[in-house]
Amino acid sequence: MTEASHTRTKIAALWAILALSALIMVSLFWRFPLITAVATVAILTVLGVSARLARLIDTDTTDVDMSELQRDKQGV
């Protein structure tokens, strides 16, 4: 019962954060449309670039680790 309640609490908190974020974004866009649009595009661009860089870095280490793990399993 507590695990289901904890999960529901997490989901409710997520929805509250998303609603608050959307409300803030709409109010900023209402008062400062151009600056908000430029800042949004800039932030999304930075997040996209960092996600691509993280994927490139993670792929290199994951391939090595997986090959080592497969080699270890065959040797045992």
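General observations
- Condition check for VAL26 on (1) at pLDDT 90 or above; (2) loosely packed, with under 10 Cβ neighbours inside 10 Å: one failure, at (2).
- If the condition is being open to solvent by less than 80 Å² (accessible area, probe 1.4 Å) and at pLDDT 95 or above, then region 4-20 contributes ALA12, ALA13, ALA16, ALA19.
- Within region 36-57, the residues that satisfy the criterion of being open to solvent by 90 Å² or more (accessible area, probe 1.4 Å) and modelled with pLDDT under 95 are ARG52, LEU53, ARG55, LEU56, ILE57.
The values are calculated or read from the model by the stated rules, or taken from the named source; none is laboratory data. Computed from a predicted model, the values in this text were never measured in an experiment. Heads up, the Cβs are rebuilt from the backbone with ideal geometry, glycines too, and the neighbour counts pull from every protein chain shown. Ligands, DNA and RNA are excluded from the accessible area calculation, which covers all protein heavy atoms including side chains. Shrake-Rupley method; radii C 1.70, N 1.55, O 1.52, S 1.80 Å.
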